[in-house]
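Notes follow once the structure below has been shown.
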Amino acid sequence: MDAARVRRRGALWTLTTFAHVVPFVAAGVVLLVVQPLAVAVSLASFAHAWIIPMLYAARGANVLRPKRRADADAGAAATAVGLLGDLVDHRTRDLYAQTGLVVERGALGAWAVGEAGAVLLTARGRRATCFCVRVDDPDLPPADRTAHLLLALRADEVGFATVANMAFSGARWRIARRLPAEMRPALTAAAALDRVYDTAS
Amino acid sequence: MSRLVRMDRTGHTTLAEWNVGDAEAIDAAVTAFRGELDRGYFAMVSTGPGHAEQVKELPVDADLVILRLPISGG
């Protein structure tokens, strides 16, 4: 998975979204014109055109959402946060404390890394590509999960993106609006980081 | 003082600590290192801001060597 492949898959994803939306919108319009009394069916068709892309975006946002565990050990969680803090700078550490996400600049773009996946920001921070990836140990504290993904990303970014499952690719705002408000600043920071890099290169 | 740590359910566990001149501590660290690699862990060393490297032998001069599990697509 290199930058060109990420772009191609993103374009394909957008095309697929259009292929889902256009037939439902067209069917709704045609039905409304041909038989205005079938307005309820037209509205159902429009609803499908709206809901399907929304579900895809929600699936993308889910890669960053924290996973709740009933038996979370607060001491272990704090220890894990300490180790993760050693791996990043002050600014990133503060942002992690606020959002639960680590923002990292890579060769493919800027990343927001969570405990069960990561979002790659490209195209000057406008496109978000969501990757679902995990560590096979259910007992790890959240910060350790994030540290696993961060170290894997730093060691081999292309390998990371290849191993991970792409869950969504589309406009950043579509992901941001489905994230908890406290997580959104990380996505904004990652987009800003991508813009800075894009301008510099 | 260099450290070999493993990320696990406790947050992390320090498996070995050594100084460059302490052969006995280094031997113990190498033994612990190989044992964890045999258990399926990957060893990572930071190589600068935003960069890390996977190592197969214990880098004795590294400040911190972190052991992590493999990742897979979710």
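In this entry, A:R69 is excluded by the filter for residues that are modelled with pLDDT under 95 and under 20 Å from A:R174 (Cα atoms). The number of residues in the stretch B:29-59 that are of a type in the set (S, T, N, Q), in a strand (DSSP E or B) and either within 19 Å of B:N19 (Cα to Cα) or out of contact with any helix residue (DSSP H, G or I) (no Cβ under 7 Å at 6 or more places or on another chain) (or both) comes to 2.
Is the stretch B:3-14 home to any residue that is more than 12 Å from every other protein chain (Cβ to nearest Cβ), part of a strand (DSSP E or B) and within 9 Å of the chain's Cα centre (by Cα)? Scanning the stretch B:3-14 turns up at least one residue that is more than 12 Å from every other protein chain (Cβ to nearest Cβ), part of a strand (DSSP E or B) and within 9 Å of the chain's Cα centre (by Cα). Answer with yes or no whether A:R105 is more than 10 Å from every other protein chain (Cβ to nearest Cβ) and charged (D, E, K, R). No; evaluated as a whole, the condition is false for this residue. Could you tell me whether A:P185 is surrounded by fewer than 24 Cβ atoms within 10 Å (Cβ to Cβ) and either out of contact with any Ser or Thr (no Cβ under 9 Å at 6 or more places or on another chain) or charged (D, E, K, R) (or both)? So A:P185 does not fit the description; no. Residues of the stretch A:134-159 that are buried (at least 24 other Cβ atoms within 10 Å of the Cβ) and without any contact (Cβ under 8 Å) to a residue 40 or more places away in the chain: A:R145, A:H148, A:L149, A:A152. For the stretch A:97-131, a tally of residues being touching a helix residue (DSSP H, G or I) at 6+ places or on another chain (Cβ under 7 Å) and in a helix (DSSP H, G or I) returns 2.
If the condition is being under 18 Å from A:D2 (Cα atoms) and acidic (D, E), then the stretch A:120-169 contributes A:D156, A:E157. Looking at A:G75, A:G85, A:G170, just one residue is surrounded by fewer than 22 Cβ atoms within 10 Å (Cβ to Cβ) and assigned to a strand (DSSP E or B), and that residue is A:G170. Can you say whether B:H12 is under 17 Å from A:L84 (Cβ atoms) and crowded, with 19+ Cβ neighbours inside 10 Å, as far as the supplied structure shows? Yes. Taken over the stretch A:12-57, the criterion of being hydroxyl-bearing (S, T, Y) and surrounded by 15 or more Cβ atoms within 10 Å (Cβ to Cβ) is satisfied by A:T17, A:S42, A:S45, A:Y56.
Looking across the stretch A:108-131 at every residue that is within 18 Å of B:R68 (Cα to Cα) and out of contact with any Asp or Glu (no Cβ under 9 Å at 6 or more places or on another chain), the one that is farthest from the other protein chains (Cβ to nearest Cβ) is identified as A:G114.
The values are calculated or read from the model by the stated rules, or taken from the named source; none is laboratory data. Remember, it's a predicted structure, so these values are computed and weren't measured experimentally. Please note: Cβ atoms are built from the backbone with ideal geometry, for glycine as well, and neighbour counts cover all protein chains shown.
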